[in-house]
1. In what sequence, highest mean first, do 6-18, 316-328, 207-219 appear when ranked by Cβ atoms within 10 angstrom?
2. Apply the Karplus parameterisation 6.51 cos²θ - 1.76 cosθ + 1.60, with θ equal to phi minus 60°, to every residue of the range 167-177 and state each ³J(HN,Hα) to the nearest whole Hz, in sequence, with x for glycine and proline.
3. How far apart, in nanometres, would the label points at residue 324 and residue 230 be if each is projected 7 angstrom from Cα along the Cα-to-Cβ direction?
4. Quick one: 3J(HN,Hα) in Hz for the range 95-106, Karplus 6.51/-1.76/1.60 with θ = phi - 60°, rounded, Gly and Pro as x.
5. Using amide H atoms built in the peptide plane, which far-off residues or other-chain residues are under 5 Å from residue 142 H to H?
6. Among the lysines, select those whose C-alpha is under 26 Å from the C-alpha of residue 18, and discard any that sit fewer than 8 residues away in the same chain.
7. Would you give the gap between the C-alpha center of the range 198-248 and the C-alpha center of the range 104-175, rounded to a whole Å?
8. Could you run the Karplus curve 6.51 cos²θ - 1.76 cosθ + 1.60 with θ = phi - 60° over the range 151-159 and give me ³J(HN,Hα) per residue in whole Hz, x for Gly and Pro?
Amino acid sequence: MQIADTILDLIGNTPLVKLHKVTEGVAATVLVKLEYLNPGGSAKDRIAVRIIDAAERDGLLKPGGTIVEPTSGNTGVGLALVAQQRGYKCVFVLPDKVGEDKRNVLTAYGAEIVVTPTSVAPDDPDSYYSVSDRLAREIPGAFKPNQYFNPNGPLSHYETTGPEIWRDTDGTVTHFVAGVGTGGTITGTGRYLREISNDTVRIVGADPEGSVYSGGTGRPYLVEGVGEDFWPGAYDPTVVHEVIAVTDADSFAMTRRLALEEGILVGGSSGMAVVAALRLAETLTSDDTVVVLLPDGGRGYLGKIFNDGWMRSYGFTNAPAGHTVADLLT
Ligand code: PMP
């Protein structure tokens, strides 16, 4: 029998799959790790379990306690899922620009959301940072995971993602590529892979053009979940050999190609990571195996990256589309 006791037992051990079409002409093997197959739909399930385990162990989270975090995305889903299973309440603070679907995912798991105005400075009392700090102070038994600075984020990837990649490639991985948001994924996975390989695996970050990790100043970009305008404590730059900057246009075009040519429906940060991996892979040989982590699925982006009108409104004219009936009839 193969039956998981709870949904939390299904976090991690995501599969690797080889790319075939988008890698045409590339000698190296390029494998992608599908984090959207985690129960909450992203790599963030991994950090949620580890952060909550540690908070329980350290006495920061007691039975019936409340998790308070400013997050609109995948981290919220991971935390809400674990909190539901462990009997904690969740309050997520999000800016009003966050769409209804994203809010509804969080409330579906039983979380409460507090919406704050987008157009205020971070130090404004109404900003989403200020409101979450205040709620964490004022709600009795509140715990704030603080994913940008919590060492358990990178540790979760050191203990799970890294060993899975080493095991599933029989130690043949030569390069690891991941987008950088909090930096937890690349720091934890990269550290493990460097240690286990006697420091032969090369660790390559992918970053939206304009973000600090690739030398930018925080200029805005549209790809979600990656890039920063500050340096989070979860990121250790000494683990990373190189960071490749990718434009929104290239990230979104590749995100569409992954669905159209590989049957892999993922988010924009996944497309971004694959663009960086292919730029790297073009310089490698058939002895090399590149593993690219794809953080989440494409369902959350149907109204954006996979919507022609939205793409055109931002001038992304290089995005491939599927065939039309007219094509089929001629
Ligand atoms: N892609 C997406 C969609 C994400 O939500 C995140 C997490 N912010 C990342 C990539 C980057 O992961 P990390 O925070 O571990 O650097």
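1. Answer by packing, highest mean first, reads 207-219, 6-18, 316-328.
2. Once θ is set to phi - 60°, the couplings for the range 167-177 become 5, 6, 9, 6, x, 8, 4, 10, 9, 10, 10 Hz.
3. 4.8
4. Taking θ as phi minus 60°, the curve returns x, 5, 6, 6, x, 5, 4, 5, 5, 5, 4, 5 Hz for the range 95-106.
5. The answer is 66.
6. 33, 44
7. A separation of 18 Å, based on Cα centres.
8. Karplus values, whole Hz, x for Gly and Pro: x, 6, x, x, 4, 4, 6, 5, 8.
Read-outs: derived from the displayed coordinates by stated rules, not from any lab. Being a predicted model, the structure only gives us computed values, none of them experimental. Every residue, glycine among them, receives a Cβ derived from its backbone with ideal geometry; neighbour counts consider all protein chains shown.
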